[in-house]
Amino acid sequence: MPRQFFVGGNFKMNGVRQSITDIVKNLNSAKLDSTTEVVISPPALYLTLTRELADPKIGVAAQNVFDKPNGAFTGEISVEQLKDTSINWAVIGHSERRVILKESDEFIARKVKAAVDGGVSVIFCIGETLEEREANKTIEVVTRQLNAAAKELSKEQWAKVVIAYEPVWAIGTGKVATTEQAQEVHAAIRKWLGETISAQAADDVRVIYGGSVSEKNCRELATQPDVDGFLVGGASLKPAFVDIINARI
Ligand SMILES: O=C(CO)COP(=O)(O)O
């Protein structure tokens, strides 16, 4: 079975009730490639609004989740609370949380585990900084981030994970990775899956690309054999998101 193409929209800390309503209604009425899985990720306050408004075939993801089931963790949201409000996805390990909020590989891996254990699928973000790329450490860094998650998850649990390769230098900068750069790292991630998890995981786990994806560059990126979709930031707030979802038609 070919891997289903996957396009996520990460709104980050953007949008208010009206603009998010407009984005969702636009998606609901657009003609979307029915073979592409679409998941949108609004700020936490608007998760339930988005879930209520969005067509049921569109998934909704939290931008974060905590690793503990409940308790005195001010400001955090649990996996159970996501499930309770029909939010079946979470973005975990985004570089903005790794870099700005100092989330460690281990903490992120625990959150991935808690989410999958609780029945929430994960868009697991990994990627190197510009400094790391220039020091030729890209594969070492993504392997370290992947290994942290592999310590927590059972082999079967990778079926609930979509890996988002997001080079930090390409996020919000307009500097997209070339198709060759993306394919090279995606192929290395797939090799890692085969060697560390299982042949089945290497075949089945989607590896999507994020970082300045636009309606202009998405088609070429989508031609790469190991690019199974995109995690889109800025462009997911615009009507052009539909063109990215439809990158393969
Ligand atoms: O971080 C991203 C998605 O999670 C990518 O953001 P941009 O598409 O705005 O570069």
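The values are calculated or read from the model by the stated rules, or taken from the named source; none is laboratory data. Since the structure is predicted, the reported quantities are computational estimates derived from the model, not experimental observations. So basically every Cβ, Gly included, is an ideal-geometry build from the backbone, and we count neighbours across all protein chains shown. To get the accessible areas, we keep the full protein, side chains included, count just its heavy atoms, and leave off ligands, DNA and RNA. Shrake-Rupley method; radii C 1.70, N 1.55, O 1.52, S 1.80 Å.
Is there any pair with a first residue in region 67-83 that is touching a residue at least 40 places away in the same chain (Cβ under 8 Å) and a second that is basic (Lys, Arg) and open to solvent by less than 60 Å² (accessible area, probe 1.4 Å) whose Cβ atoms are under 9 Å apart and which are 6 or more apart or on different chains, and what are they?
Taking only residues 6 or more apart or on different chains, the pairs are Asp67/Lys111; Asp67/Lys113; Val79/Lys111.
May I ask you to verify whether Ala235 is modelled with pLDDT under 95, open to solvent by less than 30 Å² (accessible area, probe 1.4 Å) and within 13 Å of the ligand (Cβ to nearest atom)? Walk me through it before giving the result.
Working: modelled with pLDDT under 95: no; open to solvent by less than 30 Å² (accessible area, probe 1.4 Å): yes; within 13 Å of the ligand (Cβ to nearest atom): yes.
Against the criterion (modelled with pLDDT under 95, open to solvent by less than 30 Å² (accessible area, probe 1.4 Å) and within 13 Å of the ligand (Cβ to nearest atom)), Ala235 does not qualify.
What do you reckon, is Arg248 open to solvent by 30 Å² or more (accessible area, probe 1.4 Å), more than 17 Å from Gln4 (Cα to Cα) and in contact with an Asp or Glu (Cβ under 7 Å, 6 or more places away or on another chain)?
Here the answer is no, as Arg248 does not meet what is asked.
Sort out for me the helices (runs of 4 or more DSSP H) sitting completely within region 89-201 that have 3 or more residues that are away from the ligand (no atom under 16 Å from the Cβ) and at pLDDT 95 or above.
105-117, 130-134, 138-152, 179-192
Please work out which residue is farthest from the ligand (Cβ to nearest atom), limiting yourself to region 50-88 and to residues that are of a type in the set (Ser, Thr, Tyr) and farther than 16 Å from Val39 by Cβ. Break it down stepwise before answering.
Just the residues of region 50-88 that are of a type in the set (Ser, Thr, Tyr), to begin with: 50, 74, 78, 85-86.
From the residues that got through so far, the ones that are farther than 16 Å from Val39 by Cβ too are 74, 78.
Values: Thr74: 25, Ser78: 22 Å.
The residue in question is Thr74.
Could you check how many residues of region 107-140 are buried (at least 19 other Cβ atoms within 10 Å of the Cβ), within 20 Å of Ala170 (Cβ to Cβ) and among the β-branched types (Val, Ile, Thr)?
4
Mind counting the residues in region 18-30 that are touching a residue at least 12 places away in the same chain (Cβ under 8 Å) and surrounded by fewer than 20 Cβ atoms within 10 Å (Cβ to Cβ)?
6
Could you check region 148-180 and list, in sequence order, the residues that are closer than 20 Å to Val112 by Cα and open to solvent by 60 Å² or more (accessible area, probe 1.4 Å)?
Those that are closer than 20 Å to Val112 by Cα and open to solvent by 60 Å² or more (accessible area, probe 1.4 Å): Lys151, Glu152, Lys155, Glu156, Ala159, Lys160.
What are the residue pairs meeting all of these: first residue in region 140-163, first residue more than 17 Å from Val120 (Cα to Cα), second residue open to solvent by less than 20 Å² (accessible area, probe 1.4 Å) and among the acidic types (Asp, Glu), Cβ atoms under 6 Å, and 6 or more apart or on different chains?
Val141/Glu128
Looking only at region 80-88, decide whether some residue is open to solvent by less than 40 Å² (accessible area, probe 1.4 Å) and at negative phi. Working first, answer last.
Taking region 80-88 first, the residues open to solvent by less than 40 Å² (accessible area, probe 1.4 Å) are 82, 87.
Restricting the remaining residues to those that are at negative phi gives 82, 87.
The answer is yes, given that some residue of region 80-88 is open to solvent by less than 40 Å² (accessible area, probe 1.4 Å) and at negative phi.
Any residue in region 227-249 that's over 12 Å from Phe11 (Cβ atoms): show its pairings with residues that are within 9 Å of the ligand (Cβ to nearest atom) and among the β-branched types (Val, Ile, Thr) at Cβ separation under 8 Å, as long as the two are six or more apart or on different chains.
Correct list of pairs: Phe230/Val213; Ile244/Val213; Ile244/Val232.
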